[in-house]
Amino acid sequence: MNSAFDSLPDDLASAHAMIRAERAARLAAEAAQSDVTALVAHLKLQIEKLRRELYGSRSERKARLLEQMELQLEDLETAASEDEQAAEAASAKTGSLPAFSRKRPVRKPFPAHLPRERVVIAAPESCPCCGSTRLSKLGEDITETLEVIPRRWKVIQTVRERFACRECERIAQPPAPFHVTPRGFAGPNLLATILFEKFGQHQPLNRQSERYGREGIELSVSTLADQVGAATTALQPLHALIEAHVKAAERLHGDDTTVPILAKGKTISGHIWAYVRDDRPFGGRAPPAALYYA
């Protein structure tokens, strides 16, 4: 009886080990399935993009289909990464199954124009085996990690000193600095950011205002709209030059695209008319340009 009871802990341990191994195998299979599903979605997206490049955009439905496929691929790749992490954690606990690893595409090297910050890990002063201090450098291994510096806000104070003449008692002061927009509290970099987020990234001003608020900068929607209107007026001469350049082309390509626009209590259809000048396929040397009307 005693020997039978003594063998129970070993049986329980082996049973737990088998359960962990089965769970690790199941997680590895799920991770492999997620990886295959993401790969299939990626290939479908590439095929659809190639069809679009070969035959052109047949309808707006194709554009929306591509957007939906990109969102689906994003979710699948995220799920595949989560499954891989779970499979690796389960395999590390059991130690009996090889860890699952996804087949990732070869990553391109980081751009050469990015500044490099060199962080050197201090080398040992003596040999960890024998304790000798006679060490000679053989080389080094470099691991590159891409990092980003969060956006930093600052206030630029332009100081204009006033002086009084003791002879004629007149007051002299340098002229006020130039501002792109009236009541120019926003610098050129901030104005460029607001315009690019609105027109380039399609970020409404209310979302920009909320994001700035989370960063500790209170800029209301009306204030941002005032700056956008003033900046577009200041850029009007540049728009006129682009307009004249595009319309002077011998060959002009046009397109009429409908876009949904939020209105009071409903969504209405808006139109964007695009005109493109590109003489490069015909041997022209004029720079290409695009003109938009809404």
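The values are calculated or read from the model by the stated rules, or taken from the named source; none is laboratory data. Nothing here was measured: the structure is a model prediction, and the numbers come from that model. Heads up, the Cβs are rebuilt from the backbone with ideal geometry, glycines too, and the neighbour counts pull from every protein chain shown. Just so you know, the surface numbers come from the protein's heavy atoms only, side chains and all, with ligands and any DNA or RNA stripped out. Shrake-Rupley method; radii C 1.70, N 1.55, O 1.52, S 1.80 Å.
A few remarks follow.
- Note that the range 169-175 has calculated 3J(HN,Hα) couplings of 6, 8, 9, 10, 8, x, x Hz, one per residue in order, obtained from phi through the Karplus relation 6.51 cos²θ - 1.76 cosθ + 1.60 (θ = phi - 60°); glycine and proline are x.
- Loop-located trypsin sites (Lys or Arg not before Pro) in the range 235-280 (DSSP state not H, G, I, E or B) with no more than 10 neighbouring Cβ atoms inside 10 Å: K264.
- Area of S132 that stays accessible when all protein chains are in place (1.4 Å probe, Å², to 10): 40
- In order along the range 127-137, the Karplus-derived 3J(HN,Hα) couplings, from 6.51 cos²θ - 1.76 cosθ + 1.60 at θ = phi - 60°, round to 5, x, 8, 10, x, 6, 9, 8, 10, 10, 6 Hz, and Gly and Pro are given as x.
- Net charge of Cβ neighbours under 13 Å - reference Q201; Lys, Arg +1; Asp, Glu -1: +2
- If you look at the Cα atoms of the range 249-293, you get an Rg and a Dmax of 15.3, 51 Å.
- In order along the range 195-202, phi translates into HN-Hα couplings of 5, 5, 5, 6, 9, x, 9, 6 Hz, rounded to whole numbers, per the Karplus curve 6.51 cos²θ - 1.76 cosθ + 1.60 with θ = phi - 60° and x for Gly and Pro.
- Cut-off under 5 Å, modelled amide H: who pairs with Q203 long-range: K198
- Using the alpha-carbon positions of the range 115-219, Rg (one decimal) and Dmax (whole number) come out as 27.2, 86 Å.
- Loop-located GluC sites (Glu not before Pro) in the range 119-214 (DSSP state not H, G, I, E or B) with no more than 15 neighbouring Cβ atoms inside 10 Å: E125, E140, E144, E147, E161, E167, E169.
- Those chymotrypsin sites (Phe, Trp or Tyr not before Pro) in the range 139-204 that DSSP places in a loop and that have at most 15 other beta carbons within 10 Å: W153, F178, F185
- Summed side-chain charge close to Q173 - residues other than Q173 whose Cβ falls under 14 Å, Lys, Arg +1, Asp, Glu -1: +2
- I217 contributes about 50 Å² of solvent-accessible surface, heavy atoms of the protein only, 1.4 Å probe.
- With Cα atoms as the point set, the radius of gyration and Dmax of the range 172-244 evaluate to 14.1, 47 Å.
- Positive contributions from Lys and Arg (+1) and negative ones from Asp and Glu (-1), summed over other residues with Cβ under 13 Å from the Cβ of L252, come out at -2.
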